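Notes follow once the structure below has been shown.
The values are calculated or read from the model by the stated rules, or taken from the named source; none is laboratory data. Here the structure is a predicted model, which is why all the values come from computation and not from measurement. Here the Cβ positions follow ideal geometry from the backbone for every residue, glycine too, while neighbour counts run over all protein chains shown. To get the accessible areas, we keep the full protein, side chains included, count just its heavy atoms, and leave off ligands, DNA and RNA. Shrake-Rupley method; radii C 1.70, N 1.55, O 1.52, S 1.80 Å.
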Amino acid sequence: MRALTYQGPYRVKVENKPDPRLEHPQDVILKVTRAAICGSDLHLLHGLVPDTRVGCTFGHEFTGEVVETGREVSQLKKGDRVVVPFNISCGTCFYCQRGLTGNCENSNPASDVASGVFGYSHTTGGFDGGQAEYVRVPFADVGPMKIPDDMDDESVLFLSDIFPTGYQGAEMGEIKGGETVVVFGAGPVGLFAMKSAWLMGAGRVIAVDHVPERLAFAAHFAKVETVNFKEVDDIVLYLKDMFEGRGPDVCIDAVGMEAEGSRTHRVLGLGLKMEAGAPTVLTWCINAVRKGGNVSIVGVYGPPWNFIPIGTAMNKGLTLRMNQCNVRRYMPHLLEHIRSGRVDAKAIISHRFSLEQAPEAYHLFAQKRDGCIKCVLAPHGHA
Amino acid sequence: MPERPIPGAAADLEPSSRPGVPMETAVQPLAGARVPITPQHSAVPVYKHAGRKQMPPVYGTAQPPKGLSGVMRKAAYGYPDHWARHWMMLLLADRVDVWEHRLRRSLPWGLPAVAALVVGGVTWRRLSRA
Ligand SMILES: NC(=O)c1ccc[n+]([C@@H]2O[C@H](COP(=O)([O-])OP(=O)(O)OC[C@H]3O[C@@H](n4cnc5c(N)ncnc54)[C@H](O)[C@@H]3O)[C@@H](O)[C@H]2O)c1
Ligand SMILES: [Zn+2]
Ligand SMILES: [Zn+2]
């Protein structure tokens with residue numbers, strides 16, 4: 001089959017590789033109909049995730065059609081259309097039984113920091129991803145959700161990751177009604193966090209980024225106020241001043257380890273690898289949020305460590321909440337938000353490409369060129 | 001600020017309407033889950049980090065370790081994943097992996113080219129001495 005493969009930092013290509021096969025009786029093989037490129041994939045592309053091997057196929061946000069089923073699979077059959085959570089979860093371990101499918105302990109031998117994830121290096125289990133014609137999906141009766149007949153693949157594609165992730169980000173902000181919420185990062189995850197903050201009854205929602213097109217899109221899509229951090233002297237003081245000198249009630253980090261805005265962190269984290277990426281936004285969140293406030297982290301940081309002002313967080317009495325998204329549990333609820341028209345998830349797709357054009361899509365998305373918000377690949381054509 | 005910023009604003013105001021509240025649910029297997037899980041078998045080496053007792057029942061088998069980078073990865077997995085050394089060795093192995101692939105790719109034309117240069121150089125020296 002044709003598949004996108006990693007060739008080393010900043011280089012991906014599309015090449016032939018063997019078709020995936022059933023390796024476990026609970027597996028299915030999917031013919032991939034849509035595969036999105038995620039901000040998380042950029043961390044892989046840029047060589048920041050340990051044990052990313054040459055030849056690895058990325059892609060953890062996809063929909064597909066079942067073409068083969070393992071002998072223990074009972075809920076899915078050939079021809080079913082499904083959307084698949086990015087986490088690979090068994091459904092029966094200590095964590096899955098408590099709803100923490102993003103922390104499943106039965107799908108990743110390489111590390112205890114994460115469950116298995118599709119196409120996300122060997123650090124998350126060494127599974128090939130969905131930016132390919134076909135993909136192996138383990139625990140097929142547990143993760144994948146059938147796509148309702150009246151809905152097209154693109155409408156539900158983002159239930160695989162970014163809509164649940166943004167929603168969980170807002171949820172971890174513990175909004176009770178009327179709070180002021182600042183979302184750092186107006187990328188796909190941030191956009192859904194903003195929408196979700198409104199759904200939960202936030203009183204004011206503010207987006208912070210430095211890409212003007214993205215801020216403009218956020219203002220339109222999520223009806224938020226916007227701040228370009230490159231146009232203000234000191235973003236922390238600016239945000240504090242916006243809320244009577246105290247700062248917002250909730251700050252959400254939807255940027256993660258490749259944040260702009262601090263030369264020190266970029267040199268230490270991205271250049272010298274003395275910390276796992278640049279925790280600039282997390283630092284801003286801790287400094288800007290009001291005392292007793294809530295910082296919610298959905299942006300990805302890697303092991304082993306980062307330089308963050310934990311003493312400030314302690315002294316301010318902050319609540320810090322974070323996790324990989326436990327995608328499966330959000331799917332039915334958020335499907336209803338999409339179906340009812342409250343959230344038009346596919347409206348964030350700015351670019352569509354064939355699989356062969358995937359390297360171009362990566363570079364466009366990485367550089368946020370041409371108003372790029374979200375790229376979607378159609379490995380078998382845009383039918 | 002608009003009165004009703006987006007359609008459905010505050011639709012999930014009630015925390016109990018939010019699927020992730022509380023984050024840890026009552027203990028129960030998920031729909032479709034099956035126990036016991038049949039263990040997967042692999043024909044290629046798959047590493048687990050030293051802090052983990054057993055292999056999980058399911059894992060990926062993509063890109064089996066190879067060459068010098070493979071040896072380095074094996075050594076890295078000999079340390080538990082809360083050791084910085086584990087991660088630093090993996091990052092280093094990733095760079096070695098890239099160079100190994102470059103080298104392997106350039107062998108078909110690189111090897112003959114180097115051979116030709118060596119033979120040419122030796123002949124040249126012989127001829128110029130004569
Ligand atoms: N927790 C999870 O389960 C989960 C799931 C999906 C994605 N993620 C992570 O969420 C993050 C965002 O993903 P995305 O797809 O939206 O990525 P993206 O790269 O499209 O968006 C990131 C945005 O942050 C902006 N940015 C950079 N520095 C900033 C700063 N200092 N302040 C404010 N904004 C800044 C960028 O301009 C960009 O618009 C990534 O780290 C990704 O890995 C986490
Ligand atoms: Zn993603
Ligand atoms: Zn599990």
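The table for this structure:
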read-out	value
Some residue of the stretch A:86-95 being closer than 22 Å to residue A:43 by Cα, more than 11 Å from ligand 3 (Cβ to nearest atom) and touching a residue at least 12 places away in the same chain (Cβ under 8 Å)	yes
Candidate set from the stretch A:175-229 (those that are within 14 Å of chain B (Cβ to nearest Cβ) and aromatic (Phe, Trp, Tyr)); member that is surrounded by the fewest Cβ atoms within 10 Å (Cβ to Cβ)	A:221
The stretch A:77-98, subset assigned to a loop (DSSP other than H, G, I, E, B) and of a type in the set (S, T, N, Q), residue nearest to ligand 1 (Cβ to nearest atom)	A:89
Filtered residue count, the stretch A:123-135, keeping only those that are away from ligand 2 (no atom under 16 Å from the Cβ), open to solvent by 20 Å² or more (accessible area, probe 1.4 Å) and either within 11 Å of chain B (Cβ to nearest Cβ) or assigned to a loop (DSSP other than H, G, I, E, B) (or both)	1
Condition met for residue A:63 (more than 9 Å from chain B (Cβ to nearest Cβ) and out of contact with any helix residue (DSSP H, G or I) (no Cβ under 6 Å at 6 or more places or on another chain))	no
Extreme residue, nearest to the chain's Cα centre (by Cα), among residues of the stretch A:198-216 that are part of a helix (DSSP H, G or I) and within 13 Å of ligand 1 (Cβ to nearest atom)	A:214
Criterion: in a helix (DSSP H, G or I) and either over 20 Å from residue A:235 (Cα atoms) or not assigned by TED's automatic domain parsing to the domain that holds residue A:344 (or both) - qualifying residue of A:186, A:193	A:193
Failed criterion for residue B:27 (all others in (1) more than 7 Å from every other protein chain (Cβ to nearest Cβ); (2) modelled with pLDDT of 95 or more hold)	(1)
Residue match in the stretch A:85-106 (condition: modelled with pLDDT of 95 or more and over 21 Å from residue B:33 (Cα atoms))	no
Residue satisfying all of: in the stretch B:30-52; open to solvent by 60 Å² or more (accessible area, probe 1.4 Å) and under 26 Å from residue A:55 (Cβ atoms); nearest to the other protein chains (Cβ to nearest Cβ) among these	B:48
Per-region count, the stretch B:101-130, residues open to solvent by 90 Å² or more (accessible area, probe 1.4 Å) and assigned to a helix (DSSP H, G or I)	13
Some residue of the stretch A:183-197 being over 15 Å from the mean Cα position of the chain (by Cα), within 16 Å of ligand 1 (Cβ to nearest atom) and free of Cβ contacts under 8 Å to residues at least 60 places away in the same chain	yes
Qualifying positions in the stretch B:60-74 - part of a helix (DSSP H, G or I) and open to solvent by 50 Å² or more (accessible area, probe 1.4 Å)	B:68, B:71, B:74
Answer residue from the stretch A:23-43, given it is in a strand (DSSP E or B) and more than 10 Å from ligand 2 (Cβ to nearest atom) and is surrounded by the most Cβ atoms within 10 Å (Cβ to Cβ) among those	A:35
Boolean, residue B:82 is free of Cβ contacts under 8 Å to residues at least 60 places away in the same chain and at the interface with chain A (Cβ under 7 Å from one of its Cβ atoms)	no
Residue check for residue A:245: open to solvent by 20 Å² or more (accessible area, probe 1.4 Å), in contact (Cβ under 8 Å) with a residue 12 or more places away in the chain and either in a loop (DSSP other than H, G, I, E, B) or among the β-branched types (Val, Ile, Thr) (or both)	no
Spans of helices (runs of 4 or more DSSP H) in the stretch A:256-366 with at least 1 residues surrounded by fewer than 18 Cβ atoms within 10 Å (Cβ to Cβ) and modelled with pLDDT of 95 or more	A:310-316, A:327-339, A:358-366
Qualifying residues in the stretch A:99-116 (those that are open to solvent by less than 10 Å² (accessible area, probe 1.4 Å) and of a type in the set (A, V, I, L, M, F, W, C)) - the one farthest from the other protein chains (Cβ to nearest Cβ)	A:104
Conditions (1) within 7 Å of another protein chain (Cβ to nearest Cβ); (2) crowded, with 18+ Cβ neighbours inside 10 Å; number of the one not met by residue B:55	(2)
Any chance residue A:4 is more than 7 Å from chain B (Cβ to nearest Cβ), within 15 Å of ligand 2 (Cβ to nearest atom), surrounded by 24 or more Cβ atoms within 10 Å (Cβ to Cβ) and part of a strand (DSSP E or B)	yes
Pair list, Cβ < 8 Å and 6+ apart or interchain, from the stretch A:340-367 residues that are over 18 Å from residue A:32 (Cα atoms) to residues that are among the polar types (S, T, N, Q) and open to solvent by less than 40 Å² (accessible area, probe 1.4 Å)	A:345/A:155
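Residue by residue, here is whether (1) under 27 Å from residue A:47 (Cα atoms); (2) more than 16 Å from ligand 3 (Cβ to nearest atom); (3) more than 11 Å from chain B (Cβ to nearest Cβ); (4) crowded, with 24+ Cβ neighbours inside 10 Å holds:
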| residue | (1), (2), (3), (4) |
| --- | --- |
| A:121 | yes, yes, no, yes |
| A:144 | no, no, no, yes |
| A:148 | no, yes, yes, no |
| A:151 | no, yes, yes, no |
| A:158 | yes, yes, yes, yes |
| A:164 | yes, yes, no, yes |
| A:169 | yes, yes, no, yes |
